Amino acid sequence: MRTNSLSPVQKVLLTGLIVIAVAWVLFPFYWAFVNSIKKPADTFRSVWIPWVQFQPTLDHWRQELDTPEIRRALRNSTVISVGAATLSVALGTLAAYALARFRFNRPDNSFFTTWFLSQRVMPPVVVVIPFFLIMRQVRLLDSVWALVLLNATFLLPFPVIILSQMFRELPIELEEASLVDGASRLQAFFRVALPLVVPGLVATWIICMAFSWNEFLFALSLTSNKAIPMPVIIAGAEHTRGVQFWFVGVRTMLTMLPPTIFALLAQRYIIRGLTLGAVKG
Amino acid sequence: MSAQLDSPPPAAIEPVTPRVRKDRTGAWFLAPAVVWIILFTIFPLLFALYNSFYSFRFGQRNQFVGLDNFGRLFTDPNLRNGLQVTLWFVLVTVTVEMLVGFGLALLLNREMQGKNILRAIMVLPLFATPVAMGYLGITIFFETNGPINDTIRALGGQGIPWLSSPKWAPVSMMILEVWQWTPFVFLVSLAGLQGLPQDVYEAAEVDGASGRQLFRSITMPLMAPTLWLILLLRMIEAFKVFDIPTSLTSGGPGRATEVYSLFTYRTALRFFDHGYAAAQGFLLLFIVMFIVTILYGRISELYE
């Protein structure tokens, strides 16, 4: 961190820059929010400050939350993201521990790591067709469980990479001591190592939830009615509703709020997560 | 460098950990995830490969056509369009994100108040549902009374046909992508900058190096691996683009924003031409793998 002092002019310029950057980042959120509480007539006027420039209303929020399709979509999105995140973190934690604490030969540890990472390289559109055909065959089309399975697959690299780093950072002596005391490998894992990575584990789980909440391509391809989650609802919305700014506002907020709140909760681990462990923020 | 390649890599490069004796338990920890990936990635990939040798009618496998589906890749003008749109998208968005994100990180890499709040704000776009951003974009870029055109008109300009013109629609989708991912470049470069060793700077400053010299001969070389890594990650993700153009413009007007993934999606699930769609998928996979291999080679060189 450079601490060389700035001239007053530089200080002002820098502050201005920060203000612009923050305004640019926050504008869409505010735009969605402000439209969601405007009466339809007010959405056609450039007014920005509730109570001062216009009288806000919660009618659209109420209407949307009373719509059965929206409630179902919110429920589906919740099941999909909790299910997929839990499944991938469970599978991923075990694999992460294996990569951190055991040495494999032919193929070796770094092969497995690369292999898990390569999952992120593959464009999902490559496998969406086979998934569609397979799910049709096993009658899992339009089922939230199909999406739980697929999202878990594509999330798997995150828990594997992030948690194997965390296990490596733990002093191995603790586990060795418990092994000497007669604990089995499994006990050493569950009673000693696992409790120590709980903060990272929870953060990874939250990040995974946010990712699968946002997932769109698989959801669009594999749902048609009862399993439709929020992102698919929103993608088809302008055709049924026309462009009604107030509904766009509410639906955007309903879709974006959960993952952005998750992201804030897991903030400390976001950089690590998004760079797949290469950079620690 | 070549001398290093001849001998086996020194032990220090190996993963630091495994001090525990070898036993079979490790395989049991690893097996579930490995089986899972084989089942849900390798198997579907092989299935896609199998399908790519067949023609489909009404979504049903029809007859073996050999490499015909791959041959069609080279003559299909719509596929070329999808490829072009995607390549421009990747080129423009990743360049802008890298320049602005890293530039901002350089400027803000200093002691200041409110750093944590700034970081929290910058995290928000990364997890704003992309498909919802595209949907919201319909109103932001709304041509008659959207906020952008309203502002332009208030300043005396003319409204821009953000979504109805084939020239501007790609720009609109790129703006949304840049909005979403520049903060990522910013946050990761900032983390990288703050991890640089301070004593090197101090030593150079004592020796009377200028700010520009510090940047050229310390910051850039030390940051290079991180920057290449960010570039790699952003390119991989940008090639997959699907959500924003789908909800913002549905690929239109015409095919102006019909990115590769959207075109393949339509081939498969609107026209049910699964064989051809599989071939398209493999072409995209090949392109991305090609780029990853080149960049990855560069990165591992730098990390050594």
> Of all residues in the stretch A:229-245, which are at pLDDT 85 or above and more than 7 Å from chain B (Cβ to nearest Cβ)?
Replying inline: A:Pro229, A:Met230, A:Val232, A:Ile233
>> Being more than 21 Å from A:Ile80 (Cα to Cα), over 26 Å from the mean Cα position of the chain (by Cα) and within 10 Å of another protein chain (Cβ to nearest Cβ) is true for just one of A:Arg101, A:Arg136. Which residue is that?
In response: A:Arg101
>> Let me confirm something: among A:Leu201, A:Leu186, A:Leu274, which residue is open to solvent by 30 Å² or more (accessible area, probe 1.4 Å) and within 8 Å of another protein chain (Cβ to nearest Cβ)?
In response: A:Leu186
>> Just to be sure before I move on: is A:Leu13 under 28 Å from B:Asn149 (Cα atoms) and assigned to a helix (DSSP H, G or I) in the structure I sent?
In response: yes
>> For the stretch A:249-261, give me the residue count where each residue is more than 7 Å from chain B (Cβ to nearest Cβ) and within 10 Å of A:Ile206 (Cα to Cα).
In response: 1
>> With the requirement that a residue be part of a helix (DSSP H, G or I), surrounded by fewer than 21 Cβ atoms within 10 Å (Cβ to Cβ) and not basic (Lys, Arg), what does the stretch A:134-147 give you?
In response: A:Ile134, A:Gln137, A:Trp145
> Restricting the stretch B:260-299 to residues that are more than 10 Å from chain A (Cβ to nearest Cβ) and closer than 22 Å to A:Ile234 by Cα, which is nearest to the chain's Cα centre (by Cα)?
Replying inline: B:Arg266
>> Looking only at the stretch A:247-271, count every residue that is open to solvent by 30 Å² or more (accessible area, probe 1.4 Å) and in contact with a Pro (Cβ under 9 Å, 6 or more places away or on another chain) and tell me the total.
In response: 2
>> Please go through the stretch B:205-253 and give me each residue that is within 30 Å of A:Ser118 (Cβ to Cβ), of a type in the set (A, V, I, L, M, F, W, C) and not in a helix (DSSP H, G or I), ordered by number.
In response: B:Val241, B:Phe242
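Every residue, every condition in (1) closer than 30 Å to A:Arg72 by Cα; (2) hydrophobic (A, V, I, L, M, F, W, C); (3) assigned by TED's automatic domain parsing to the domain that holds A:Asn214, yes or no:
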| residue | (1), (2), (3) |
| --- | --- |
| A:Ala98 | no, yes, yes |
| A:Asp108 | no, no, yes |
| A:Gln119 | no, no, yes |
| A:Ile134 | yes, yes, yes |
| A:Gln137 | yes, no, yes |
| A:Leu149 | yes, yes, yes |
| A:Leu155 | yes, yes, yes |
| A:Val180 | no, yes, yes |
>> Exactly one of these conditions fails for A:Phe131: (1) in a helix (DSSP H, G or I); (2) among the aromatic types (Phe, Trp, Tyr); (3) open to solvent by 20 Å² or more (accessible area, probe 1.4 Å). Give me its number.
In response: (3)
> Of all residues in the stretch A:208-222, which are open to solvent by less than 10 Å² (accessible area, probe 1.4 Å) and closer than 19 Å to A:Ala96 by Cβ?
Replying inline: A:Cys208, A:Ser212
> Across the stretch B:121-144, which residue is farthest from the other protein chains (Cβ to nearest Cβ) among those that are among the aromatic types (Phe, Trp, Tyr) and over 15 Å from A:Ile207 (Cα atoms)?
Replying inline: B:Phe141
> Would a scan of the stretch B:180-198 turn up a residue that is in a helix (DSSP H, G or I), open to solvent by 30 Å² or more (accessible area, probe 1.4 Å), away from chain A (no Cβ under 11 Å) and in contact with a Leu (Cβ under 8 Å, 6 or more places away or on another chain)?
Replying inline: no
> Does any residue in the stretch B:276-298 that is more than 18 Å from B:Thr41 (Cα to Cα) and open to solvent by less than 40 Å² (accessible area, probe 1.4 Å) come within less than 7 Å, Cβ to Cβ, of a residue that is of a type in the set (A, V, I, L, M) and in a helix (DSSP H, G or I) six or more places away or on a different chain, and which pairs are these?
Replying inline: B:Ile291/B:Met235; B:Val292/B:Leu232; B:Val292/B:Ile236; B:Leu295/B:Leu231; B:Leu295/B:Leu232
> Restricting the stretch A:158-183 to residues that are buried (at least 23 other Cβ atoms within 10 Å of the Cβ) and within 20 Å of B:Leu233 (Cβ to Cβ), which is farthest from the other protein chains (Cβ to nearest Cβ)?
Replying inline: A:Ile162
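If you check B:Arg234 against the conditions, is it more than 10 Å from chain A (Cβ to nearest Cβ), modelled with pLDDT under 90 and either within 19 Å of the chain's Cα centre (by Cα) or closer than 30 Å to B:Gln63 by Cα (or both)?
No.
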> What about B:Val171, is it surrounded by fewer than 23 Cβ atoms within 10 Å (Cβ to Cβ), farther than 22 Å from B:Lys115 by Cβ and within 19 Å of the chain's Cα centre (by Cα)?
Replying inline: yes
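The values are calculated or read from the model by the stated rules, or taken from the named source; none is laboratory data. Everything numeric here is computed off the predicted structure, so don't read it as measured data. Note: ideal-geometry Cβ built from the backbone for every residue, glycine included; neighbour counts use all protein chains shown. Each accessible area value is taken on the protein alone, full model and side chains, heavy atoms only, with ligands, DNA and RNA left out. Shrake-Rupley method; radii C 1.70, N 1.55, O 1.52, S 1.80 Å.
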